[in-house]
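A.B. asks: Next up is a structure, given as structure tokens.
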Amino acid sequence: MRHNLIFDGDDTLWENNALFERAVEKFIDHLAHPTLTREQVRARLDEIETVNVREHGYGVDVFERSLGECLASLRGEPTEHDRQVLRVACAPIRAQQIELIDGVVETLGELSRRHRLFLLTKGDVAEQTGKIEASGLAEFFTDIAIVREKETPVYREFVSERDLSPAGTWMIGNSPKSDIWPALEAGLGAVLVPHPMTWSLEARELPTAHAGFRTVSRFAGLSEHF
């Protein structure tokens, strides 16, 4: 059976959150808070990121802004030295040096011979476009869409605009919050490809009892399902 397979980008096809986590660790090291644990500092950063993502969207600029606001809330207004440290910490993210997840190229190549593949990724349009171009994966996809958020109405609109049958369409990604639940709520199937460093703000319980939900331990395992 020929399926429509929609893929997430960040931390499904290429590494992403690992770069942000490295920057967070450098930030916490620099902050060196005298009383708060690393976990407590990270919890405060999560609170600030939640607000900023909702108000300003995704991307490295918003992330760096959150680091600065977190530093200000915990230690006081950042100095020029502080800002330079944050710029240096975020520089590898801005460089957009793509590291593909193991098995992605081979698996996409195999699946594209049997199914129609799509890419649906969220975030800053310029940044995501740069990642897609740098990845060299665009040739595998029938269509590519970059959206601000991946919520249930977005999935419904995506399949409707492309005249895709929800029953024959699957969303594949690492985020329970953005890839799995909204796709299922839109009537699609959903496959979780777990990533050990999925962003904490993308966490949500898994729909283990849902008939349309699957999970694979690694990306190459998709070939056994499709």
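The values are calculated or read from the model by the stated rules, or taken from the named source; none is laboratory data. None of these values were measured; they are calculated from a predicted model. As a convention, Cβ positions derive from the backbone with ideal geometry for all residues, glycine included, and neighbour counts pool all protein chains shown. Areas reflect the complete protein model, heavy atoms only, side chains present, ligands, DNA and RNA absent. Shrake-Rupley method; radii C 1.70, N 1.55, O 1.52, S 1.80 Å.
A.B. asks: Tally time: how many residues in the stretch 39-61 are in contact (Cβ under 8 Å) with a residue 12 or more places away in the chain and open to solvent by less than 70 Å² (accessible area, probe 1.4 Å)?
C.D. replies: Matching residues across the stretch 39-61 total 13.
This table checks each residue for (1) more than 25 Å from L100 (Cα to Cα); (2) loosely packed, with under 14 Cβ neighbours inside 10 Å; (3) at pLDDT 95 or above.
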site	(1), (2), (3)
T152	yes, no, yes
S160	yes, yes, yes
P166	yes, no, yes
L192	no, no, yes
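A.B. asks: May I ask you to list the residues in the stretch 150-176 that are out of contact with any strand residue (DSSP E or B) (no Cβ under 6 Å at 6 or more places or on another chain), closer than 12 Å to L120 by Cα and outside any helix (DSSP H, G or I)?
C.D. replies: Answer for the stretch 150-176, where residues must be out of contact with any strand residue (DSSP E or B) (no Cβ under 6 Å at 6 or more places or on another chain), closer than 12 Å to L120 by Cα and outside any helix (DSSP H, G or I): E151, G173.
A.B. asks: Okay, next question. Of everything in the stretch 44-81 that's among the small types (G, A, S) and at pLDDT 95 or above, which residue is nearest to S178 (Cα to Cα)?
C.D. replies: S66
This table checks each residue for (1) more than 19 Å from L117 (Cα to Cα); (2) under 14 Å from the mean Cα position of the chain (by Cα); (3) of a type in the set (D, E, K, R).
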{"position": "R162", "(1), (2), (3)": "no, no, yes"}
{"position": "T169", "(1), (2), (3)": "no, no, no"}
{"position": "I172", "(1), (2), (3)": "no, yes, no"}
{"position": "I180", "(1), (2), (3)": "no, yes, no"}
{"position": "E185", "(1), (2), (3)": "yes, no, yes"}
{"position": "T198", "(1), (2), (3)": "yes, yes, no"}
{"position": "E205", "(1), (2), (3)": "yes, no, yes"}
{"position": "R214", "(1), (2), (3)": "no, no, yes"}
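A.B. asks: Got at least one residue in the stretch 211-218 being open to solvent by less than 20 Å² (accessible area, probe 1.4 Å) and touching a Leu at 6+ places or on another chain (Cβ under 7 Å)?
C.D. replies: yes
A.B. asks: Tell me, which residue of the stretch 103-126 that is open to solvent by 30 Å² or more (accessible area, probe 1.4 Å) and of a type in the set (G, A, S) is farthest from E55 (Cα to Cα)?
C.D. replies: My answer is S112.
A.B. asks: Okay, moving on. Looking for something open to solvent by 20 Å² or more (accessible area, probe 1.4 Å) and among the polar types (S, T, N, Q) - is there at least one such residue anywhere in the stretch 127-145?
C.D. replies: Yes, the stretch 127-145 contains at least one residue that is open to solvent by 20 Å² or more (accessible area, probe 1.4 Å) and among the polar types (S, T, N, Q).
A.B. asks: Going through the stretch 1-20 one residue at a time, which ones are open to solvent by 10 Å² or more (accessible area, probe 1.4 Å) and among the aromatic types (F, W, Y)?
C.D. replies: Result: F20, single match.
A.B. asks: If you check H30 against the conditions, is it open to solvent by 70 Å² or more (accessible area, probe 1.4 Å), out of contact with any His (no Cβ under 8 Å at 6 or more places or on another chain), over 26 Å from H195 (Cβ atoms) and in a helix (DSSP H, G or I)?
C.D. replies: no
A.B. asks: Further, regarding this structure: Check whether at least one residue in the stretch 72-93 is surrounded by 13 or more Cβ atoms within 10 Å (Cβ to Cβ), touching a Ser or Thr at 6+ places or on another chain (Cβ under 8 Å), within 25 Å of E202 (Cα to Cα) and among the β-branched types (V, I, T), and report yes or no.
C.D. replies: Checked against the condition, which is being surrounded by 13 or more Cβ atoms within 10 Å (Cβ to Cβ), touching a Ser or Thr at 6+ places or on another chain (Cβ under 8 Å), within 25 Å of E202 (Cα to Cα) and among the β-branched types (V, I, T), the stretch 72-93 yields no hits at all.
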